[in-house]
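To start, the structure itself, in structure tokens.
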Amino acid sequence: MGGTGIEHFELTDQRVISVETPYGTVEPMIGKLAKHDLVFMSRHGRDHATPPHLVNYRGNIWALRELGVRKIVATAAVGSLSPNHHLGELVLLDQFLDFTKSRPLTFYEGGQQGVLHVDMTEPYCSSVRQVIIEAAKHLGLVVKNGACYVCTEGPRFETPAEIRMFQLLGADLVGMTSVPEAVLARELGMCYASIGMVTNEAAGIADHPLNHAEVMQNLKELEMNVAQLIQTTFEL
Ligand code: HPA
């Protein structure tokens, strides 16, 4: 699942397909990587036009399940709230705080769909994370394992007061997409891990206002490492 900055991924025999879901049509790419059949989904759509609060999270995750996906490696652009995490780092998420406000949260809306209270003791898949860490060692890349992600609604960046509150609550990284994506994957029984790509210091920590261009520029520099990391993860 490619986030901002990871809109394309090279696969063998790749082609774009249309998948009908109860939440609309989504158009992932399918192909092969090493010995695996792989689906590449651009979270924000193929033309990257959809902002975080309007992403079709349910359609995307439903389509992956429909295609037989069992394990998801996602990427997420993040700002750092913590002195332990610096610009240009790759960090595997291990907990989240949910500060979203207006998104569908679940596939289980009651009635015919029933009700499900899914367990979130370990929100991100530790076995997939372990393979990513092995891939990183293989490549000589530093990838930290474990950080608490706070998910904001966006699309605006946070205020410095919000960032101070999130620090008090124990958040390390801030982004706008991991919730409900990680939750929906869990609801459909898929093992979901996410690689945080630190693109900026969070608002009020940086000595200048945040801007999307800075985030995109820093993502560009991380792009190749992440592509290699994902490739090696699937080759191991
Ligand atoms: N805040 C929210 N989302 C983000 C940030 C940020 O600072 N950087 C990248 N995605």
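The values are calculated or read from the model by the stated rules, or taken from the named source; none is laboratory data. This one's a predicted model, so the numbers in the text were calculated from it and none came from an experiment. Here the Cβ positions follow ideal geometry from the backbone for every residue, glycine too, while neighbour counts run over all protein chains shown.
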Quiz item: Mind checking which residues of region 150-166 are outside any loop (DSSP other than H, G, I, E, B) and buried (at least 17 other Cβ atoms within 10 Å of the Cβ)?
Solution: Val150, Cys151, Thr152, Glu162, Ile163, Phe166
Quiz item: Which of (1) part of a helix (DSSP H, G or I); (2) more than 16 Å from the ligand (Cβ to nearest atom); (3) out of contact with any Pro (no Cβ under 9 Å at 6 or more places or on another chain) does Tyr124 not meet, given it meets every other one?
Solution: (1)
Quiz prompt | Selected residue (criterion: farthest from the chain's Cα centre (by Cα)) from residues of region 34-53 that are under 15 Å from Leu64 (Cβ atoms) and surrounded by 17 or more Cβ atoms within 10 Å (Cβ to Cβ) | solution = Leu38
Self-check item: From the options Asp94, Asp13, residue that is among the acidic types (Asp, Glu), more than 21 Å from Val215 (Cα to Cα) and surrounded by 17 or more Cβ atoms within 10 Å (Cβ to Cβ)
Solution: Asp94
Quiz item: If His212 satisfies every condition in (1) out of contact with any Leu (no Cβ under 6 Å at 6 or more places or on another chain); (2) more than 11 Å from the ligand (Cβ to nearest atom) but one, which is the exception?
Solution: (2)
Practice problem: Kindly check whether there is at least one residue in region 130-145 that is surrounded by fewer than 13 Cβ atoms within 10 Å (Cβ to Cβ), within 16 Å of the ligand (Cβ to nearest atom) and touching a residue at least 40 places away in the same chain (Cβ under 8 Å). | Solution: no
Exercise. Could you grab me the full set of residues in region 161-189 that are closer than 22 Å to Leu81 by Cα and among the aliphatic types (A, V, I, L, M)?
Key: Ala161, Ile163, Met165, Leu168, Leu169, Ala171, Leu173, Val174, Met176, Val179, Ala182
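Scanning for something part of a strand (DSSP E or B) and away from the ligand (no atom under 12 Å from the Cβ), does region 178-190 turn up at least one residue? Lay out the reasoning, then the answer.
First, pick out the residues of region 178-190 that are part of a strand (DSSP E or B): none.
Scanning region 178-190, I find no residue that is part of a strand (DSSP E or B) and away from the ligand (no atom under 12 Å from the Cβ), so the answer is no.
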Quiz item: Scanning for something under 25 Å from Arg58 (Cα atoms) and hydrophobic (A, V, I, L, M, F, W, C), does region 164-172 turn up at least one residue?
Solution: no
Quiz item: Exactly one of (1) more than 30 Å from Gln113 (Cβ to Cβ); (2) out of contact with any strand residue (DSSP E or B) (no Cβ under 9 Å at 6 or more places or on another chain); (3) surrounded by 16 or more Cβ atoms within 10 Å (Cβ to Cβ); (4) modelled with pLDDT of 95 or more is unmet by Ala227. Its number?
Solution: (4)
Exercise. Determine whether region 155-164 contains at least one residue that is in contact with an Asp or Glu (Cβ under 9 Å, 6 or more places away or on another chain) and farther than 20 Å from Glu89 by Cα.
Key: no
Quiz item: Which of the residues that make up region 119-162 are under 19 Å from the mean Cα position of the chain (by Cα) and farther than 27 Å from Thr233 by Cα?
Solution: Thr152, Glu153, Gly154, Pro155, Arg156, Phe157, Glu158
Quiz item: Among the residues of region 66-83, is any under 15 Å from the mean Cα position of the chain (by Cα) and more than 23 Å from Ala171 (Cβ to Cβ)?
Solution: yes
